[in-house]
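Each remark here refers to the structure printed beneath this line.
The values are calculated or read from the model by the stated rules, or taken from the named source; none is laboratory data. Computed from a prediction, not measured in an experiment: that's the story for all the values here. Note that each Cβ is placed from the backbone with ideal geometry, even for glycine, and that neighbours are counted across all protein chains shown. For accessibility, only protein heavy atoms count, side chains too; no ligands or nucleic acids. Shrake-Rupley method; radii C 1.70, N 1.55, O 1.52, S 1.80 Å.
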Amino acid sequence: MTGRPYPKPPDDDRVFFFELYYDFEGQRPDAITLAPPMDEDGTPTVTIGMIVFDRDVPITSFRYLSGPTVLAIDWDDPWYSQFDSDNLKRHHQSGLTTYLCIEPREVRHEVLIRVRDLDHWLKRGFGPGEHLQPDALELLKTDTIEFLKPRNRISIDGEPVGEKLARAEFLYLSAAGLQILEKNASLRTDAAFIGLVFTVPRQSLPDRVEVEWDMFTPRISNVPTTSFDPAGPFIGAATVDDPTIVWVNHLRTYENPRVVPIAVQDTIDMRVLFLAMALVAVVLVVVIVYLVPPGRSRRALLAAGLAGLGAATFALHENMIRLPGFFLNPPDTVQVTDVVAAVLENLSIADLEPLPEAREDALRAFVRQPALADVAAELDRAFVIRAPGGGRASLSGLRDLDVSGIAASEQPGGFQAVGTWSAVATAGHWGHSHRRALNIRAMISAAPQNGVWMLDGITIIEAQDDGS
């Protein structure tokens, strides 16, 4: 649970380690009874904690042996060996589970299936204790994705979903729970799983999502399901008699996160300048009419004045431009802190987009065009946290923002500064949530453009776990 190795027994010779072997003497038993020492009243005289494995498959999570109990052994598939006591069962019971994740920019359908249960459909003939090498695992991953893509049809708001993004990873069940398989490692099929993630990009939460589950076996007639949305998990099941998994949007106060332009607070309305220009043009026309003698010069000056008046009137009517109220000096610390906080919030929202092109579209609202490619690359390089088992972790919970080293940038009215802040990287898949608290330091530069702050660049200097 902690991620640290179990300590070995100490060197103190009062602590002993025993390995006891019991020979079946050529006859494999169908069941084994385990019993602790008991007193005359049937109460255990010692407390024995245990984990039981059948051919490397954990049959129990860590439990205490409270009395005699019988382990029924399935010699064809150790996954199905089990004790007669409900207390002596592992946490992860099902060889096939499915998850429906409704998030701000995507709908994900995730499937976690044991390799030997998958063999019911793929017909590879996996037997007890079989190991798969890395090359065979990659081929199995590709075949599994292609097999499952058209199955378990998804409908969103009544419309069937066509193309889906897909990825897959191998996992295995250990005494500590499901673990992601390291690259280039072999895998024993008895306790091996393949986790698949099918993603459907969307711009907002749907009203209704349905999955028509169509994968059952003689041993799997009940498939546990969990639906996740911003309100939390909802547990259910797909059965042979009721195979439809349904999620309905009951959220009342949910607001779809969107990138918000960052208005420049200290501005002079350009209409004021255009109004002044119009007044100057009017005065110029009056002066020309009454003071300049008739002739070519008078006509030229009059035409120029009228043209200036027309241009000023048009610009006043359109009202499309705003001008920064400062040109040479960067904004103060309070303004920079507010701008950086808004930029970081927009970055986290833009990064919700699962597709690179959609992410760039979101960035255009607050990133200057010449810097767009560099900012997008920096997000993928350092700002995005990769989650165990693939996928992207989203950053949220911005706090403790501090800016320093504020200086003027090359852009008029712009600044560059070093920001430090804390955030939480969160990612979830196959029913597990991964969270990392991070301390981040970055160089940020921004400048006003048409009345809003535009990001000129961001460079992540450091992103480390905060140790909490």
Total residues in region 402-430, condition open to solvent by 20 Å² or more (accessible area, probe 1.4 Å) and either assigned to a strand (DSSP E or B) or among the aromatic types (Phe, Trp, Tyr) (or both): 12
Unique residue being in a helix (DSSP H, G or I) and either open to solvent by 20 Å² or more (accessible area, probe 1.4 Å) or closer than 21 Å to SER94 by Cα (or both) when the list is THR144, THR217: THR144
Single residue of region 192-209 satisfying the filter (at pLDDT 90 or above and over 13 Å from ARG108 (Cα atoms)) that is surrounded by the most Cβ atoms within 10 Å (Cβ to Cβ): PHE193
Single unsatisfied condition, LEU171 versus (1) more than 21 Å from the chain's Cα centre (by Cα); (2) among the hydrophobic types (A, V, I, L, M, F, W, C); (3) under 22 Å from GLY428 (Cα atoms): (1)
Condition broken by VAL70, with the remaining ones in (1) part of a loop (DSSP other than H, G, I, E, B); (2) in contact with an Asp or Glu (Cβ under 9 Å, 6 or more places away or on another chain) satisfied: (1)
Residue check, ASP190 in a helix (DSSP H, G or I) and not hydroxyl-bearing (Ser, Thr, Tyr): yes
Every residue from region 415-439 that is in contact with a helix residue (DSSP H, G or I) (Cβ under 9 Å, 6 or more places away or on another chain) and farther than 29 Å from SER227 by Cβ: PHE415, ALA417, GLY419, TRP421
Pair list, Cβ under 8 Å, 6 or more apart: region 27-50 residue among the charged types (D, E, K, R), other residue surrounded by 10 or more Cβ atoms within 10 Å (Cβ to Cβ): ARG28/ILE73; ARG28/TRP75; ASP30/ALA72; ASP30/ILE73
